[in-house]
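Worksheet for the structure shown next.
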């Protein structure tokens, strides 16, 4: 697994100091993506005003080991840099899950955020901004 170095260097003893770097790449021994498929990642650069966010994960408030989906609108307008907020309830177990956009016209999906935190009112997505996009592309194999 690879994490951004800033996740370590920016840590000041609080969780909030590293949320902007709460992203990782998991390296596998097999090329499972060629068998099962994969989702592309897209840079969010201000031209994306918002989208219908889809989140897939294994929420802790559902039967153990079962994957669930939820959809909720996301807006990048007037949001803190590097983040998006959704008025969706999330549970432990969905952190790290992709927040992706589905385009019904061609049935494509693309990851725009990573779910990093939430509570019973909102969930927070780490935006795939230029820094994260470059980091992901540099490590892509």
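Scanning region 70-82 for residues that are over 16 Å from residue 19 (Cα atoms), under 13 Å from the mean Cα position of the chain (by Cα) and either surrounded by fewer than 20 Cβ atoms within 10 Å (Cβ to Cβ) or touching a residue at least 60 places away in the same chain (Cβ under 8 Å) (or both) yields nothing.
Here residue 121 clears all of (1) surrounded by fewer than 12 Cβ atoms within 10 Å (Cβ to Cβ); (2) under 22 Å from residue 5 (Cβ atoms); (3) modelled with pLDDT under 90 except the condition numbered (2). For region 31-43, the count of residues that are without any contact (Cβ under 8 Å) to a residue 12 or more places away in the chain and in contact with a helix residue (DSSP H, G or I) (Cβ under 6 Å, 6 or more places away or on another chain) is zero. All of (1) surrounded by 13 or more Cβ atoms within 10 Å (Cβ to Cβ); (2) within 25 Å of residue 103 (Cα to Cα) hold for residue 45 with one exception: (1). In region 83-126, counting only strands (runs of 3 or more DSSP E) that sit wholly within it, the ones holding 1 or more residues that are in contact (Cβ under 8 Å) with a residue 60 or more places away in the chain and in contact with a helix residue (DSSP H, G or I) (Cβ under 8 Å, 6 or more places away or on another chain) span 83-86, 108-118. Remark: residue 20 matches the filter, which requires a residue to be surrounded by 10 or more Cβ atoms within 10 Å (Cβ to Cβ), in contact with a strand residue (DSSP E or B) (Cβ under 9 Å, 6 or more places away or on another chain), closer than 20 Å to residue 119 by Cβ and at pLDDT 90 or above.
Restricting attention to region 23-42, and to residues there that are outside any loop (DSSP other than H, G, I, E, B) and surrounded by 10 or more Cβ atoms within 10 Å (Cβ to Cβ), which single residue is farthest from the chain's Cα centre (by Cα)? In this case the residue turns out to be 33. Residues of region 43-69 that are over 13 Å from the mean Cα position of the chain (by Cα), outside any strand (DSSP E or B) and either at pLDDT 85 or above or closer than 21 Å to residue 17 by Cα (or both): 58, 59, 60, 61, 62, 63, 64, 65, 66, 67.
The values are calculated or read from the model by the stated rules, or taken from the named source; none is laboratory data. Computed from a predicted model, the values in this text were never measured in an experiment. Note that we place each Cβ from the backbone using ideal geometry, even for glycine, and neighbour counts take in every protein chain shown.
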